[in-house]
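Working notes for the structure below.
The values are calculated or read from the model by the stated rules, or taken from the named source; none is laboratory data. What you are looking at is a predicted structure, and each value in this text was computed from that prediction instead of being measured. Here the Cβ positions follow ideal geometry from the backbone for every residue, glycine too, while neighbour counts run over all protein chains shown. Accessible surface areas use protein heavy atoms only, side chains included; no ligands, DNA or RNA. Shrake-Rupley method; radii C 1.70, N 1.55, O 1.52, S 1.80 Å.
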Amino acid sequence: MIDVKVLSMESSKNILTVSQISSQIRNCLESRFSSIWIKGEISNFIAHGSGHWYFSLKDENSQIKAVMFRGQNQKLSFRPQTGEEILVRGQISVYPPRGGYQVLCYDMEVVGSGLLQRQFEQIKRKLKAEGLFESERKKSLPLFPRHIVLITSPTGAAVRDILQILNRRFKAVRITLIPALVQGDQAPSSLLNALSLSKKLAPEVIIMGRGGGSTEDLWAFNDETLARAISAHPIPIISAVGHEIDFTICDFTADLRAPTPSAAAELVVQNGDDLLEKTARLKKQLYQSLQLKIGFFKDKLLSLEKALIHPKRYIQDFSQKLDETSLRFNQNVKQFFENKKQQISHLERVLLALNPKQVMERGFSIVTNAEGDPIFDTKDLKIKEILNIDFFKGQVKAEVKQKN
């Protein structure tokens, strides 16, 4: 007898379920793209009630779904928005229920100026909370500084503008330039070294700054360590960075913020011509005051001279003047007391007219309830209520029988 074995067509194939193939794809993607950085623009951002963030990353040609779970996004200092360009670090994975691949995000950064602005606000809030911006910490600038230190680039337009204005306004001041980098990654440390050196020079005021530029160009003056060094510096510092619309962290911690380097030169010294004009004006006022004083004492000397030449006549004139002054004083005192007497008399008549006893003497009485409150309207009375009636002489109690 021939043994016949029937083979199933399925037994010769490697058949996988949908879940199995999804799991294998997921394992392949997660092992191949376990830690990558992706740059893209956020679209369809959703902050779910669970605390998880769901969004898409897109560029000109493609998009990919992404998720950042609550445990990761709580570590961020900002919340992204739709339309914002970001960098995310994560891994590519598959979400089996939909069979679609997505990015599991572990970290996130804002690209470009958006990131810088967030860092700026973060440092600003931190230092403000510590009180480094308070006016009580600011040092006053000297009125007439004799030695000024400039910390800036020796080749920039800022140093030329400052030196030109200082030379025009007040030539007597001594200027020391400490060259420093004002742009780039090495700028903060260069500015810190210049500040340290300025202490040894012992100037009366320091101007630190540079000309205008982009946010990235001015970023060295947003360095937290530099801002703290400015706040702690024993010498007054003027921050003069960029243009009038530019604000840096150093502006807030400095003792004075100048909108431009040129404005710093205007603020730090007085105008020499104005000082000369003011000096001349004060000299004239002093001369006039001295002339008045001399005239006053001259008259005094003449009076004393007359007294010494004719002492008897001088004494008689002084005695007569004293009598006239005494008479006027007595008349004024008498008139004062007469006016007060009339005022008191008037007040007595007013008080007498307002005295309720005077009214009651003409036949009127005062009706009060049991608590002693006066009754003005029958609506306030109740039948059988006991009332007190005060007459000019005596008092009775009455019971309410009827109200009209």
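Here are some notes:
- Picking from residues in the range 219-236 that are open to solvent by less than 10 Å² (accessible area, probe 1.4 Å) and without any contact (Cβ under 8 Å) to a residue 60 or more places away in the chain, the one that is farthest from L191 (Cα to Cα) is H233.
- Matching entry among L267, L286 (being open to solvent by 50 Å² or more (accessible area, probe 1.4 Å) and touching a strand residue (DSSP E or B) at 6+ places or on another chain (Cβ under 8 Å)): L267
- You will find that of G83, G156, the residue that is surrounded by fewer than 12 Cβ atoms within 10 Å (Cβ to Cβ), of a type outside the set (S, T, N, Q), touching a strand residue (DSSP E or B) at 6+ places or on another chain (Cβ under 8 Å) and modelled with pLDDT under 95 is G83 and no other.
- Selection count, the range 82-125, where residues are touching a helix residue (DSSP H, G or I) at 6+ places or on another chain (Cβ under 8 Å) and of a type in the set (K, R): 1
- Considering the range 350-372, and only residues there that are out of contact with any Phe, Trp or Tyr (no Cβ under 7 Å at 6 or more places or on another chain), polar (S, T, N, Q) and not in a strand (DSSP E or B), the residue that is least open to solvent (accessible area, probe 1.4 Å) turns out to be N369.
- Residue selected from the range 237-263 under the condition open to solvent by 10 Å² or more (accessible area, probe 1.4 Å) and in contact with a Pro (Cβ under 6 Å, 6 or more places away or on another chain), by the criterion nearest to I148 (Cα to Cα): D255
- Residues of the range 128-138 include at least one that is surrounded by fewer than 16 Cβ atoms within 10 Å (Cβ to Cβ) and in contact with a strand residue (DSSP E or B) (Cβ under 9 Å, 6 or more places away or on another chain).
- Flag if E109 is under 27 Å from F221 (Cα atoms) and exposed (fewer than 14 other Cβ atoms within 10 Å of the Cβ): no
- Among (1) crowded, with 16+ Cβ neighbours inside 10 Å; (2) farther than 28 Å from T17 by Cβ; (3) in contact (Cβ under 8 Å) with a residue 40 or more places away in the chain, the one test that F55 misses: (3)
Rundown of residues vs (1) in contact with a Pro (Cβ under 7 Å, 6 or more places away or on another chain); (2) crowded, with 16+ Cβ neighbours inside 10 Å; (3) more than 25 Å from A194 (Cα to Cα); (4) at pLDDT 95 or above, yes/no style:
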position	(1), (2), (3), (4)
P97	no, no, yes, no
G100	no, no, yes, no
V103	no, yes, yes, no
L143	no, no, no, no
R146	no, no, no, no
V149	yes, yes, no, yes
R160	no, no, no, no
L163	no, no, no, no
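- For the range 373-395, the tally of residues that are within 14 Å of P356 (Cβ to Cβ) and open to solvent by less than 80 Å² (accessible area, probe 1.4 Å) stands at 4.
- Subset of the range 15-46 (residues that are within 22 Å of T82 (Cα to Cα) and either surrounded by 15 or more Cβ atoms within 10 Å (Cβ to Cβ) or of a type in the set (S, T, N, Q) (or both)): I38, G40, E41, I42, S43, N44, F45
- Residues within the range 203-218 that are among the small types (G, A, S) and either open to solvent by less than 10 Å² (accessible area, probe 1.4 Å) or in contact with a Pro (Cβ under 9 Å, 6 or more places away or on another chain) (or both), tallied: 2
- Pairs are defined by a Cβ separation below 6 Å, a sequence spacing of at least 6 or placement on different chains, a first member in the range 342-363 that is touching a residue at least 40 places away in the same chain (Cβ under 8 Å) and on the phi < 0 side of the Ramachandran plot, and a second member that is surrounded by 10 or more Cβ atoms within 10 Å (Cβ to Cβ) and part of a loop (DSSP other than H, G, I, E, B); no pair meets this definition.
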